[in-house]
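Q: Submitted below is the structure of interest, expressed as structure tokens.
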Amino acid sequence: MRPAGQAPPRVLTVAGSDSGGGAGIQADLKTMLALGVHGMSVITAVTAQNSLGVQGAWELPVEAVRAQYRSVVDDIGVQAVKTGMLASAELVEAVAELISGTDAPVVVDPVGVSKHGDPLLAASALDSVRTRLLPVATVATPNLDEVAQLTGLKVASEADLRPAAEAVLAHGPQWVLIKGGHLTGEAVDLLTDGDQEFWLRAPRHDNRHTHGTGCTLASAIAAGLAKGLPVPEAVTAAKEYVTGAIARGFALGAGIGPVDHGWRFR
């Protein structure tokens, strides 16, 4: 327990807003609260989004993103940063520059498409993600679609996870977590820094309500890093948290509902 009046570790999410509350900034802040850290936000884009998909997306000007970031970091400070939807090459490059000057671990979730397949990153921004954003990442957390976008590799089985990780590591992150959630069978992820390997396994839950899984996992990792956990321990704890959240995901609207960020409180 923290002494009364003492601030918890601080985590900054740099991502898009999900009006439906299941992913993006909203999922990040819920995850951070559930895991005992103080969440702060830099909004990069606003989406009109619900359980059926993304109906519209509007990125914020670079100067607005930069001003939010400097406002938080220069006054409050951060113990970890997490990035999500960055939308354009201009935003990717601005955020990478800001992060490179911040003394804190960084979790990069290279968001490319939504749960429903809606594009959330311009194709022209992929090179900036590879050359500017991934090199400043402490941990990068691509899913299989994002691996294909970034490297051209198609992951069809567990055996493909290692070459996928090697391909992403070649772009410069310290660690990469290849999320195998789209494979059949148990939910297996590979965490590696090129020397150490950690295979993280969990039962697959028969629940279609998984909106926000990637945002939630990346934010949970950032929360662990802000508390001072080494990367393998932070990722292992985050995997346990998100597995419980998926198991208790609930219906919302007519489509795919969100994971339950508050499952430990229920």
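The values are calculated or read from the model by the stated rules, or taken from the named source; none is laboratory data. The structure presented is a predicted model; accordingly, all values stated were derived computationally and were not measured. Heads up, the Cβs are rebuilt from the backbone with ideal geometry, glycines too, and the neighbour counts pull from every protein chain shown.
Q: Return the pair list, or none, for Cβ contacts closer than 6 Å from residues in segment 27-39 that are among the aliphatic types (A, V, I, L, M) and crowded, with 23+ Cβ neighbours inside 10 Å to residues that are at pLDDT 95 or above and not in a helix (DSSP H, G or I), at least 6 apart or on different chains.
A: ALA27/GLY212; MET32/VAL11; MET32/GLY39; VAL37/PRO8; VAL37/PRO9; VAL37/VAL11
Q: Now for a different question. What residue, of VAL65, VAL54, is in contact with a Ser or Thr (Cβ under 6 Å, 6 or more places away or on another chain), of a type in the set (Val, Ile, Thr), farther than 30 Å from ARG162 by Cβ and at pLDDT below 95?
A: Step by step, each of VAL65, VAL54 is checked, and only VAL54 is in contact with a Ser or Thr (Cβ under 6 Å, 6 or more places away or on another chain), of a type in the set (Val, Ile, Thr), farther than 30 Å from ARG162 by Cβ and at pLDDT below 95.
Q: So GLY228 fits all but one of (1) over 15 Å from the mean Cα position of the chain (by Cα); (2) in a helix (DSSP H, G or I); (3) not charged (D, E, K, R); what number is the exception?
A: (2)
Q: Tell me, which residue of segment 150-170 that is of a type outside the set (A, V, I, L, M, F, W, C) and out of contact with any helix residue (DSSP H, G or I) (no Cβ under 6 Å at 6 or more places or on another chain) is nearest to SER100 (Cα to Cα)?
A: Filtering segment 150-170 for residues that are of a type outside the set (A, V, I, L, M, F, W, C) and out of contact with any helix residue (DSSP H, G or I) (no Cβ under 6 Å at 6 or more places or on another chain), the one nearest to SER100 (Cα to Cα) comes out as GLU166.
Q: Output the residue which, of all residues in segment 231-253 that are among the aliphatic types (A, V, I, L, M) and part of a loop (DSSP other than H, G, I, E, B), is farthest from ALA187 (Cα to Cα).
A: Applying the filter and picking the extreme gives LEU252.
Q: Turning to a different aspect of this structure: Within segment 107-123, is there a residue that is under 19 Å from LEU169 (Cα atoms), among the polar types (S, T, N, Q) and touching a Ser or Thr at 6+ places or on another chain (Cβ under 9 Å)?
A: no
Q: Name every residue in segment 172-215 that is out of contact with any strand residue (DSSP E or B) (no Cβ under 9 Å at 6 or more places or on another chain) and β-branched (Val, Ile, Thr), in order of residue number.
A: Matches in segment 172-215: THR184 only.
Q: Continuing with the same structure: Going residue by residue through segment 201-214, is there one that turns out to be surrounded by fewer than 24 Cβ atoms within 10 Å (Cβ to Cβ), of a type in the set (A, V, I, L, M, F, W, C) and either more than 18 Å from ASP109 (Cβ to Cβ) or under 16 Å from the mean Cα position of the chain (by Cα) (or both)?
A: yes
Q: Which members of segment 172-194 meet the condition of being surrounded by fewer than 19 Cβ atoms within 10 Å (Cβ to Cβ), under 17 Å from VAL111 (Cα atoms) and modelled with pLDDT of 95 or more?
A: none
Q: Within segment 1-44, work out how many residues are assigned to a loop (DSSP other than H, G, I, E, B) and either more than 14 Å from the chain's Cα centre (by Cα) or within 24 Å of ALA96 (Cβ to Cβ) (or both).
A: Number of matching residues: 16.
Q: Look through segment 64-120, keep the residues that are under 23 Å from GLY53 (Cβ atoms) and hydrophobic (A, V, I, L, M, F, W, C), and return whichever of them is farthest from the chain's Cα centre (by Cα).
A: LEU91
Q: Now for a separate question. Just to be sure before I move on: is GLY253 surrounded by fewer than 17 Cβ atoms within 10 Å (Cβ to Cβ), over 20 Å from ASP28 (Cβ atoms) and in contact with a strand residue (DSSP E or B) (Cβ under 7 Å, 6 or more places away or on another chain) in the structure I sent?
A: yes
Q: Among ALA245, ALA238, ALA222, ALA226, which is the only one that is in contact with an Asp or Glu (Cβ under 7 Å, 6 or more places away or on another chain) and buried (at least 24 other Cβ atoms within 10 Å of the Cβ)?
A: Only one candidate qualifies: ALA245.
Q: Another question, then. Looking at segment 1-16 only, could you name the residues that are crowded, with 22+ Cβ neighbours inside 10 Å and of a type outside the set (A, V, I, L, M)?
A: Once the filter is applied, which keeps residues that are crowded, with 22+ Cβ neighbours inside 10 Å and of a type outside the set (A, V, I, L, M), segment 1-16 yields THR13, GLY16.
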